[in-house]
Amino acid sequence: MPDPSNIHQFVQLNRTFRELSKDGDDDGVDIGVAYFYTDRMTWADLISKFRVVVLSEAGTGKTEEIRHIAETLRREGKKAFFLRLEHIPQDIEDAFEAGSWEEFQEWLASDDEGWLLLDSVDEARLRHPGDFELAIRKLGRRISAAYQRAHVVITGRTTAWRPKTDLDHCTRHLPFDTSTKTVVGDHPSGPDRPQRIAGANHEHHPVDQDPP
């Protein structure tokens, strides 16, 4: 008989990711087949970036993995938060499942890097089709003074993500300025668009080059 204390233990899958190709930048394209066959990336690679979208099919464990990443970062002493996107439009204070509203406000008032792990695009759209856009817009306003030190990771089902419309919306409301030479902590500036991930391999580019 299984030990009840082990029922909710996280199982590390050592999942890897690849970058979606630019062919997936149109809402009418099936992004499930728009891959670059680049080197594999791990979660450690992804959380070093500043704007990332992680896409996969239903039942692949996105929610538990991103929650685990948030908790791991917090144990390391980092300012990390796991939020449910579907709760942000109604009351952002109730959207936190790792970290709290009070800790979030403390982070905003600091000069520290922070990690916002947001789950998920498809769940946000269940109650109302416009709730994902509203959640991103509302969160963007809250972190406007911290854009350059916020690592934002968004998860979603491949079928729920609109490659052009959703990416443009995130770029507009969660911008990252690649023209600045400001470096937060040990991390170089990243791209000014949320990075296309379903598997990914993004390199940091100098500020005078176009982002991927």
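Couple of notes before you dig in:
- Between the range 87-130 and the range 55-84, the C-alpha centres lie 12 angstrom from each other.
- Per-pair calculated FRET efficiency, R0 = 22 Å: ARG67 and ARG127 via Cβ, rounded to 0.05: 0.60
- Whole-Hz Karplus values for the range 162-170 come out as 9, x, 8, 4, 5, 5, 4, 5, 5 Hz, taken residue by residue from phi with 6.51 cos²θ - 1.76 cosθ + 1.60 and θ = phi - 60°; glycine and proline positions read x.
- Computed from label points 7 Å out along Cα-Cβ, the spacing between ASP112 and SER179 is 3.1 nm.
- Taken one residue at a time, the phi angles of the range 91-102 give Karplus couplings (6.51, -1.76, 1.60, θ = phi - 60°) of 7, 4, 5, 8, 8, 7, 10, 9, x, 9, 4, 5 Hz. Gly and Pro are set to x.
- Close amide H partners of ARG51, meaning residues 5 or more places away or on another chain with modelled amide H under 5 Å apart, are VAL152, GLN195.
Here, each number is a calculation from the coordinates, and none is a lab measurement. The model shown is predicted, which means the values in this text are computed figures rather than measured ones. Reconstructed Cβ throughout: ideal geometry from the backbone, glycine too, with neighbour counts over all protein chains shown.
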